[in-house]
Structure formats: structure tokens, C-alpha cells
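J.: For reference, the structure I am asking about is given below.
The values are calculated or read from the model by the stated rules, or taken from the named source; none is laboratory data. Here the structure is a predicted model, which is why all the values come from computation and not from measurement. All Cβ positions, even for glycine, are placed from backbone atoms using ideal geometry, and neighbour counts span all protein chains on display.
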Amino acid sequence: MQVLISGGTGFIGKRLQAALLARGDQVVIWSRTSQKNAPGVQYVTDLAQIDQTNQSIDAVVNLAGAPIVDKRWSDARKALLRDSRIQTTRQLVQWMAASATRPSVLVSGSAIGYYGSQGDEVLDEKASVAPGFTHQLCADWEREAEAATELGIRVCQIRTGVVLGPKGGALAKMLPPFRLGLGGAIGTGQQWMSWIHLEDEVAAILWLIDHPELSGAFNLTAPNPARNAEFAKALGRSLKLPACLPMPAWVMKLMLGEASELLLEGQRVVPQKLLDAGFRFRYPELDQALNAAVNG
């Protein structure tokens, strides 16, 4: 199988690339910067380069998007967050529409921010939404990808939670203070964290590629979300260090402004459609996932 990945040089994309190569697939990475090709991997900076080589792409995985919690949400930052997701997805769909041989499936990124903040409400793929910037961002992002269905392409939207894995992602930001004994809950600590181990994230993407009967939105989160305080304690246990210094909500608001809502409010999301489809998580429990991520 020949798989095109946008965002293939990121935290999830690199691991997905390795998993595809390990099972004998060929990978094309659409990247903004030119990179040297590797065995089984071709890098392109322009989608037209794929057509020029007469390659037939079987599946597309769209993971592109600027980090959402790295900086305060100024108007310029919000525009970048939207453009890096929506414009990239639009370009992919336009390219697929013009291709002589179209891929059979598009697995396109989204996030659990689609649901907005809803307290203790359990949120599966049929849940209602709370309006706000993150919901509108994800809804517009998904709408661009959904346009590929008009081309006869199967579309799966992956609403991803906090991805836990070694050497990157959310843990890369969390670990330094925890290792100094300065870790703890954020705000009240009662907000829900819907997380997934990197290995399960990648396995779920492959599962969606490989099962032609599946389409629509899928929550890519482990089946057991945790409150933020529970998460902090579990991370402390995995490091064998205390985790009892909370981060006051006002500090997060001062640092991140409106973007702090993602850390202070959260969502209680469950992967109902994946479970119903028979997907089995390698890391369904938080302690197990954190031990693997920290020591991996």
C-alpha cells in the first residue's frame, strides 16, 4: 500500500511512518521543507510532485496543524491554527479531486476540542457540542475533509485526545517540572483529561485504513479518561516522585489566556465507535500507559 501523510514529520506522523514501513507499506510525506528520501519514504513539498512520478496513492492520512496550546490565542495565532488545518485539508481534497487515480480512504485529523467543555458529561461520537473556538475550528476542519466523500473517497475523522508517548507530545512539556518535584494538578484538578498512548493512536489510524466498512468520526482516546489530579498522581507514580504542587488556575490564564481553557476545563471523552468496531487498546489504563511512555 502507498500512503500519503501530511504532518508526517510530527510526533504522531513519525511513529505512523515507522509502523507503515514495518508492515511493508510505502510512504510519501508531504512536508513544507525539503528532506532527503529514505528507504520506503519519499518527501514532497508540492503535491504535484506525486502526479509527476505517476504514483498511485491508496490512502491519505492528514495530520497537519500548528500546535494548539503552545502560545496564547491572539487573532493572528487563531488564524494560523485555522489555516494550518483547514487550508491544508482543502489542498489535499483538491489534489485528490484532480488525481487520475484517487485514494480509497482519507483519515483526517481533528480533536476532542470538537465537543467543547462539558464538565462531567460523558462524550461519545453522538454527543452534543458546546460552541466556542475549539468546536468551530474542529467542525470547519472536519467539513473540509468530508468534502472528499463527494469524490467517492471513504473519510474517517479522528478526534484525538492528549497523546502520551516518549520523546515528544504532551509529556515533553509535563516531565521537566515533575522531574524536579514541582508537578501537580492544574487548577482544581477535577477537570477530565481524555488521553491515548501513542501506540494506540497509530494502531487506531491503521485500523481505520484497513477496515473499509468504517467511516465518519471516531474518538481516539483511551476508554478510561482521568481527572487531572488523578493524572498528576499517576505521572508522579511512574516517575517515583511526589506530585503535590498544584498549578493555580490564574497562573495558567496569565500564561496562555483563552487557550488555558483546554487545560482548565477539559472533556470526558470515550471511544465508543472504536470499541464497537472491535478495536482493542494496548494501553487502556493510565498507569500502564504512563509507565510505557515515561520509560519508553
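J.: Out of the residues in the stretch 224-264 that are part of a loop (DSSP other than H, G, I, E, B) and surrounded by fewer than 18 Cβ atoms within 10 Å (Cβ to Cβ), state the one that is nearest to the chain's Cα centre (by Cα).
T.: Looking at residues that are part of a loop (DSSP other than H, G, I, E, B) and surrounded by fewer than 18 Cβ atoms within 10 Å (Cβ to Cβ), I get 224.
J.: Moving to a separate point now. Suppose the filter is of a type outside the set (D, E, K, R), within 30 Å of residue 152 (Cβ to Cβ) and in contact (Cβ under 8 Å) with a residue 60 or more places away in the chain; does residue 223 pass it?
T.: On the way: of a type outside the set (D, E, K, R): yes; within 30 Å of residue 152 (Cβ to Cβ): no; in contact (Cβ under 8 Å) with a residue 60 or more places away in the chain: yes.
In short, no.
J.: Give the stretch 74-99 a look and list any residue that's under 19 Å from the mean Cα position of the chain (by Cα) and either buried (at least 19 other Cβ atoms within 10 Å of the Cβ) or on the phi > 0 side of the Ramachandran plot (or both), or say none.
T.: Of everything in the stretch 74-99, those that are under 19 Å from the mean Cα position of the chain (by Cα) and either buried (at least 19 other Cβ atoms within 10 Å of the Cβ) or on the phi > 0 side of the Ramachandran plot (or both) turn out to be 81, 85, 88, 89, 92.
J.: Follow-up question, since we're still on this one. Look through 51, 70, 58 and report the one residue that is surrounded by fewer than 18 Cβ atoms within 10 Å (Cβ to Cβ) and more than 22 Å from residue 153 (Cα to Cα). Let's see the steps before the verdict.
T.: On the way: 51 fails: more than 22 Å from residue 153 (Cα to Cα); 58 fails: more than 22 Å from residue 153 (Cα to Cα).
Residue meeting the stated conditions: 70.
J.: Under 8 Å between Cβ atoms, at least 6 apart or on separate chains: pull out the pairs that start in the stretch 276-293 with a residue that is surrounded by fewer than 22 Cβ atoms within 10 Å (Cβ to Cβ) and end on any residue that is in a helix (DSSP H, G or I) and among the aromatic types (Phe, Trp, Tyr).
T.: 277/207; 279/207
J.: Kindly check whether there is at least one residue in the stretch 114-122 that is small (Gly, Ala, Ser), closer than 30 Å to residue 213 by Cα, in contact with a strand residue (DSSP E or B) (Cβ under 9 Å, 6 or more places away or on another chain) and touching a residue at least 24 places away in the same chain (Cβ under 8 Å). Outline the logic, then answer.
T.: Restricting attention to the stretch 114-122, the residues satisfying the condition of being small (Gly, Ala, Ser) are 116-117, 119.
Applying the additional criterion that residues be closer than 30 Å to residue 213 by Cα yields 116.
In the following step, the residues that additionally are in contact with a strand residue (DSSP E or B) (Cβ under 9 Å, 6 or more places away or on another chain) were identified as none.
Among the residues of the stretch 114-122, not one is small (Gly, Ala, Ser), closer than 30 Å to residue 213 by Cα, in contact with a strand residue (DSSP E or B) (Cβ under 9 Å, 6 or more places away or on another chain) and touching a residue at least 24 places away in the same chain (Cβ under 8 Å), which makes the answer no.
J.: Taking residue 289, is it part of a helix (DSSP H, G or I) and either β-branched (Val, Ile, Thr) or modelled with pLDDT of 95 or more (or both)?
T.: Numbers: part of a helix (DSSP H, G or I): yes; either β-branched (Val, Ile, Thr) or modelled with pLDDT of 95 or more (or both): yes.
Yes, satisfied.
J.: Next question, about the same structure. Would you check if there is a residue in the stretch 155-171 being at pLDDT 95 or above, buried (at least 17 other Cβ atoms within 10 Å of the Cβ) and over 29 Å from residue 290 (Cβ atoms)?
T.: Yes, because at least one residue in the stretch 155-171 is at pLDDT 95 or above, buried (at least 17 other Cβ atoms within 10 Å of the Cβ) and over 29 Å from residue 290 (Cβ atoms).
J.: I would also like to ask the following. Identify the single condition in (1) outside any helix (DSSP H, G or I); (2) surrounded by fewer than 15 Cβ atoms within 10 Å (Cβ to Cβ); (3) at negative phi that residue 176 does not satisfy, given that it satisfies every other one.
T.: Just one mismatch for residue 176, condition (1).
J.: Could you identify the single residue in 61, 27, 3 that is touching an Asp or Glu at 6+ places or on another chain (Cβ under 6 Å), outside any loop (DSSP other than H, G, I, E, B) and under 25 Å from residue 141 (Cβ atoms)? Walk me through how you get there before you give the answer.
T.: Working: 61 fails: touching an Asp or Glu at 6+ places or on another chain (Cβ under 6 Å); 27 fails: touching an Asp or Glu at 6+ places or on another chain (Cβ under 6 Å).
When all the criteria are applied, what remains is 3.
J.: Right, next: For the stretch 240-254, what are the residues that are in contact (Cβ under 8 Å) with a residue 12 or more places away in the chain and out of contact with any Leu (no Cβ under 7 Å at 6 or more places or on another chain)? Spell out the reasoning first.
T.: Initially, the stretch 240-254 is screened for residues in contact (Cβ under 8 Å) with a residue 12 or more places away in the chain, giving 241-249, 252.
The answer is 241, 242, 244, 246, 247, 248.
J.: Suppose we filter 90, 72, 85 for residues that are assigned to a loop (DSSP other than H, G, I, E, B), within 30 Å of residue 269 (Cβ to Cβ) and touching a residue at least 40 places away in the same chain (Cβ under 8 Å); which single one remains?
T.: Values: 90 fails: assigned to a loop (DSSP other than H, G, I, E, B); 85 fails: assigned to a loop (DSSP other than H, G, I, E, B).
It is 72.
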